[in-house]
Amino acid sequence: MTAGSLKNQNPPGIWDAKMPQDVRVRRDPLVPVTRTSFLPERDADKTPILECIDLGITFGGLKAVDNFNVAIGRTEIAGLIGPNGAGKTTIFNLLTKVYQPTHGTILLDGKDIAAMSTAQINRAGIARTFQNIRLFHNQTVLDNVLIGLHNEMEYGMGSAILRLPGYWKAERIARERAMEYLSLFHLEGHAEELAGSLPYGAQRRLEIARALATNPSLLLLDEPAAGMNPSETAELMENIEKIRDTFHIAILLIEHDMSLVMNICEGIVVLNFGRIIAKGTPSDIRANPAVIEAYLGRKGAKTL
Amino acid sequence: MKKLSKGARSDLITYAAVILAFIVVSVLKSNGSLNRSQSGLLVPICCYIVMAVSLNLTVGILGDLSLGHAGFMSVGAFTGVITAMSLMNVIPSVWLRLTLAMIVGAFFAAVIGFLIGIPVLRLTGDYLAIVTLAFGEIIKELITCLLVGVDSEGLHIIFNVSGSKTANDLKLLEGGRVIIKGAQGATGTKTIASFTAGFILVMIALVIVQNLIRSRQGRAIMAVRDNRIAAESVGINVTRYKMMAFVTSAALAGAAGALFGLNYSNLAATKFDFNTSILVLVFVVLGGLGNIWGSIIATVVLYILPEALRGFANYRMLIYAIVLIVVMLATNNPVLKTYREELRAKFSRKDKKEAADT
């Protein structure tokens, strides 16, 4: 590894090559791997990228998340749904160590991440977006992605200040890669604009691009379709599947748009009051009376 | 040729303007257009420019309000003076001694910056400001207790906390010199600072700060400023980059301090008090947070202004204050702001048009 080069030797340029249809990952049936977890069939014989065992957190006396057991396959698109306040974002914050879990274990690719900080977890392979968009608003769109590429660039403060060849090389490669990530989300024309000046939908896309730039093996998307119109949502759905197929990563998303969740997720976890009330394929979830009750209430569920 | 980005272009313009200003002032100085008091301002202006640029790194780029910047300047000044004075017989070259003094000053200021940074950078906002203020005052008080002398046996240092000791307690041999005399500060310093050295230091500070800003490290520092949680979520080690900015800022202040210290034959630690920190902060805020060339212009104008107003005698500081208020109001005036934006938009459209035409 020479100083200044990028770690990932496989740039997302492969994106441009048209993916033959049969390379696209097909939706597999879920198979049980442990007593409580399911994985898509193609991932079942490999270590799950993420495994939560008995994960929980209490705020004061409130059990915000309790007894959370989930496994996510290496190429799975999984959904996390539930009514408002069910604890979905809290789970993202636990997975990325914004909150310290009160109990339970998180295994990322089979390794316990208990001792890691938020930044270390990102370097270990979890990238995320935020429900309330957290871009670097006063910096350009391109710089936002370059910040995502921070750990992919390798040059020290000395080469930065003296502008040694390593600096120029790494910056050039990083810029090219950043533009590729931007073009994935049709943002390449806005590279020099301030991130804060983008329309809402574009900001959401930029946040995904920035997260992807950190080269994750698991991407957490917190309400990626919020504030998008139906055609943007449709494009987003396609994009999410494309991301999985191109980068071969797992995606866990929180979403209230049921058409998106039911269309692209393989495994779905339903949360209510911090506990899992159902798990399974979209059709399982759709038919599950507990889920209908959680969303519509007991009375509503009866009238349905 | 590839088109330069907006940032890189403004960097180059800054360098060019500083070099041009240096040439113009040097010519004025050599043909005698500047009187003694005017040319006496040149070195301090260079020092304060470096102070403002380095403080801008902490306040504007990192986004942490530091009120103890003069403390680092004072560490640099006194370590620099000790270095230059104690090596006077060993190294005859003025330039080499001056360079060494600035390096030593920068080093010690960086070390102190690192030590202070460990507790301070855990804080944010007002708390950080108050603690840096306190550390600035502590540094000043500690240096007031310092007695340093040099003789053929080497450095003699006494830490005079009780206040009962004098320079005689240093027990210097025949031919020894007292360098720092407690509350009196550095006395009898041989002034070796020059305007050219000041100019070179300004250029070095500019290169360091501007190149740092436009690197992965600089982007990380600004990411921490803009959104700490998002910065952590993309794998940026917040503590590391806060420390990097803080220590770099302290080191540059130390180098500026060393030059400043070697510009006066007598210099007391009380020169580097809270007022000096605030003065530099005013330069930074008026020049625009995060705006490097703004800091330079603000420093030059605001440093010369009180001197230029000497003709107004007693009303001098009153006018100075009014100018500060007017500039503050003008830069934050929404009407003027929109007008400026419009002008800028017009110019950039013109640029684009020209680019399209050619």
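If you go through the range A:40-80, how many residues are of a type in the set (D, E), out of contact with any Lys or Arg (no Cβ under 7 Å at 6 or more places or on another chain), farther than 24 Å from A:I240 by Cβ and in contact (Cβ under 8 Å) with a residue 40 or more places away in the chain?
Total satisfying the criteria: 1.
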Scanning the range B:302-352 for residues that are among the aromatic types (F, W, Y) and more than 26 Å from B:C47 (Cα to Cα) gives B:F312, B:Y315, B:Y339, B:F347
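Say we look at the range A:140-171 and pick out the residues that are assigned to a loop (DSSP other than H, G, I, E, B) and surrounded by fewer than 19 Cβ atoms within 10 Å (Cβ to Cβ); which of these is farthest from the other protein chains (Cβ to nearest Cβ)? Can you show your working first?
Quick first cut of the range A:140-171, residues assigned to a loop (DSSP other than H, G, I, E, B) only: A:149, A:153-156, A:163-164.
Then keep just the ones that are surrounded by fewer than 19 Cβ atoms within 10 Å (Cβ to Cβ); that gives A:154, A:156, A:163-164.
Working: A:E154: 9, A:G156: 8, A:R163: 6, A:L164: 11 Å.
So the residue we want is A:L164.
Is it the case, given these coordinates, that B:V50 is within 18 Å of B:A186 (Cβ to Cβ) and part of a helix (DSSP H, G or I)?
Values: within 18 Å of B:A186 (Cβ to Cβ): no; part of a helix (DSSP H, G or I): yes.
Here the answer is no, as B:V50 does not meet what is asked.
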On the given criteria, is A:R175 within 11 Å of another protein chain (Cβ to nearest Cβ) and out of contact with any Lys or Arg (no Cβ under 9 Å at 6 or more places or on another chain)?
yes
Single residue of the range B:319-343 satisfying the filter (without any contact (Cβ under 8 Å) to a residue 40 or more places away in the chain and surrounded by 12 or more Cβ atoms within 10 Å (Cβ to Cβ)) that is nearest to B:Y303 (Cα to Cα):
B:Y320
Please specify each residue of the range A:180-192 satisfying the condition of being surrounded by fewer than 15 Cβ atoms within 10 Å (Cβ to Cβ) and in contact (Cβ under 8 Å) with a residue 24 or more places away in the chain.
A:E192
Within the set of pairs 6 or more residues apart or between chains, which connect a residue that is within 16 Å of B:L121 (Cβ to Cβ) inside the range B:242-256 to a residue that is surrounded by fewer than 24 Cβ atoms within 10 Å (Cβ to Cβ) and of a type in the set (F, W, Y) with Cβ atoms less than 6 Å apart?
B:V247/B:F114
Contact list please: Cβ distance under 6 Å, first residue in the range B:190-218 and among the hydrophobic types (A, V, I, L, M, F, W, C), second residue outside any helix (DSSP H, G or I), pairs at least six apart or on different chains.
B:I192/B:L262; B:A193/B:L262; B:A193/B:N263
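Take B:L279 and decide whether it is aliphatic (A, V, I, L, M), under 22 Å from B:G80 (Cβ atoms), part of a helix (DSSP H, G or I) and more than 14 Å from chain A (Cβ to nearest Cβ).
Here the answer is yes, as B:L279 does meet what is asked.
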Could we say that A:P224 is over 23 Å from A:L95 (Cα atoms) and more than 14 Å from every other protein chain (Cβ to nearest Cβ) here?
no
Those residues of the range A:103-139 that are within 14 Å of chain B (Cβ to nearest Cβ), surrounded by 20 or more Cβ atoms within 10 Å (Cβ to Cβ), under 24 Å from A:F247 (Cα atoms) and more than 15 Å from the chain's Cα centre (by Cα) come to a total of 3
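Please specify each residue of the range A:204-249 satisfying the condition of being within 17 Å of A:V261 (Cβ to Cβ), in a loop (DSSP other than H, G, I, E, B) and either acidic (D, E) or out of contact with any Ser or Thr (no Cβ under 7 Å at 6 or more places or on another chain) (or both).
Answer for the range A:204-249, where residues must be within 17 Å of A:V261 (Cβ to Cβ), in a loop (DSSP other than H, G, I, E, B) and either acidic (D, E) or out of contact with any Ser or Thr (no Cβ under 7 Å at 6 or more places or on another chain) (or both): A:E223, A:A226, A:G227, A:M228.
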Tally up the residues in the range B:131-157 that are farther than 18 Å from B:A77 by Cα and aliphatic (A, V, I, L, M), please.
3
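Out of A:E51, A:E41, A:E76, I need the residue that is within 15 Å of A:I276 (Cα to Cα) and of a type in the set (D, E). Which one?
A:E51
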If you go through A:S217, A:S197, A:S183, the only one that is small (G, A, S) and closer than 17 Å to A:N122 by Cβ is A:S217
In the range B:264-276, what residues are part of a loop (DSSP other than H, G, I, E, B), crowded, with 16+ Cβ neighbours inside 10 Å and small (G, A, S)?
B:A268
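Just so you know, all these numbers are worked out from the coordinates, no wet-lab data involved. In this text, all values refer to a predicted model and were calculated from it rather than measured experimentally. So basically every Cβ, Gly included, is an ideal-geometry build from the backbone, and we count neighbours across all protein chains shown.
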